[in-house]
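Worksheet for the structure shown next.
The values are calculated or read from the model by the stated rules, or taken from the named source; none is laboratory data. Treat the numbers as computed from the prediction; the structure is a model and nothing was measured. Cβ placement follows ideal geometry from the backbone for every residue including glycine, while neighbour counts extend to all protein chains displayed. Protein only, heavy atoms only, side chains kept; ligands, DNA and RNA dropped before computing areas. Shrake-Rupley method; radii C 1.70, N 1.55, O 1.52, S 1.80 Å.
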Amino acid sequence: MTPLDYGRSFLIGNEPENEVRFWVESRTRIIDEASGQSEDYVQVGSCKSEHTFAKDNLLHEDNYDFLPVFGPEWSVIYRRHANLRDTYREIRRSEECWDGQQYHLIVGSDVEELTSDAAVREATYDSVPIVAQTQVRNEETGLQAIMEYPVKTMNTNRANDIYQVDTGPVAFPDLSQRHARHVDALSLAFVVFNAPHFADFVLEAPTRVGDEQVYHYSKLVSLAAVNRLYAVRS
């Protein structure tokens, strides 16, 4: 799985009335070890609810965050209001989302795997775009996944030769059970790691705030993982 050049990767809808272009923010490949088949889910950047192409008052008064994840057959759209609502998660056939999608996923042409903490830090100091891949597996279900994403936030410490990735959102797959559709397993999450053998995630989930419930990144999950980091120069 060669890393994408996320600065140049986009997805465009086919609907003539709104050929919307989304910036690609991550992709998740879910692999079924029994069948050998895999599906890629492409998560795009968040925007706000809007009256598209209106003459004025472009934003919905009851505004919400809008974030789609596109799959080969099924897609999921997340709508996060200020409080908990049943409309948070909507699954549609991908062909029903803007009449289908054109994928412009640009594979990095100058890619170097960063195989040491020092190499990770030097790429960070050199302001090189860095892409991470976090691979997880569930032995009982025979499912595995690779989450790939640009590293937006990187912590480093020169004296102790250490780093820590903290970035998101990504499309996090629950591999603990087999779902009828892979899209049913997806949640939005942030990922954090500072070693090659595990990753911690915080998932967006219903969270109580006073007397209200909201969707917030609050559910913590820690998994054994294989983390890889790449410098993607072009």
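Worth pointing out:
- Within the stretch 19-41, being buried (at least 17 other Cβ atoms within 10 Å of the Cβ), more than 13 Å from the chain's Cα centre (by Cα) and charged (D, E, K, R) holds for one residue alone: 39.
- Within the stretch 184-207, residues that are within 19 Å of residue 81 (Cβ to Cβ) have Cβ atoms under 8 Å from residues that are in a helix (DSSP H, G or I) and among the acidic types (Asp, Glu) in no pair, counting only partners at least 6 apart in sequence or on another chain.
- Some residue of the stretch 172-183 being open to solvent by less than 50 Å² (accessible area, probe 1.4 Å), closer than 21 Å to residue 6 by Cβ and in a strand (DSSP E or B): yes
- Pair list, Cβ under 8 Å, 6 or more apart: the stretch 64-84 residue within 11 Å of residue 22 (Cβ to Cβ) and in a strand (DSSP E or B), other residue open to solvent by 30 Å² or more (accessible area, probe 1.4 Å) and modelled with pLDDT of 95 or more: 66/46; 66/47; 66/48; 66/79; 67/46; 67/47; 67/80; 70/101
- Residue in the stretch 89-103 that is at positive phi, buried (at least 16 other Cβ atoms within 10 Å of the Cβ) and aromatic (Phe, Trp, Tyr) present: yes
- Filter result for residue 50 (under 29 Å from residue 207 (Cα atoms), exposed (fewer than 15 other Cβ atoms within 10 Å of the Cβ) and of a type in the set (Asp, Glu)): yes
- Residue identified as within 21 Å of residue 234 (Cα to Cα) and hydrophobic (A, V, I, L, M, F, W, C) among 11, 59: 11
- Residue check for residue 57: assigned to a loop (DSSP other than H, G, I, E, B) and either in contact with a Ser or Thr (Cβ under 9 Å, 6 or more places away or on another chain) or open to solvent by less than 70 Å² (accessible area, probe 1.4 Å) (or both): no
- Output for the stretch 1-29, where each listed residue is of a type in the set (Val, Ile, Thr) and more than 25 Å from residue 129 (Cα to Cα): 20
- Across the stretch 142-157, the qualifying residues are those that are of a type in the set (Val, Ile, Thr) and surrounded by 17 or more Cβ atoms within 10 Å (Cβ to Cβ), and the one among them that is nearest to residue 36 (Cα to Cα) is 146.
- Scanning the stretch 85-141 for residues that are more than 30 Å from residue 16 (Cα to Cα), of a type outside the set (Val, Ile, Thr) and assigned to a helix (DSSP H, G or I) yields 117, 118, 119, 121, 122, 123, 125.
- Within the stretch 12-24, residues that are farther than 20 Å from residue 106 by Cβ reach partners that are exposed (fewer than 14 other Cβ atoms within 10 Å of the Cβ) and hydroxyl-bearing (Ser, Thr, Tyr) with beta carbons closer than 7 Å, at six or more positions or on different chains, in the pairs 18/52.
- Answer residue from the stretch 184-234, given it is basic (Lys, Arg) and either assigned to a strand (DSSP E or B) or touching a strand residue (DSSP E or B) at 6+ places or on another chain (Cβ under 6 Å) (or both) and is farthest from residue 28 (Cα to Cα) among those: 208
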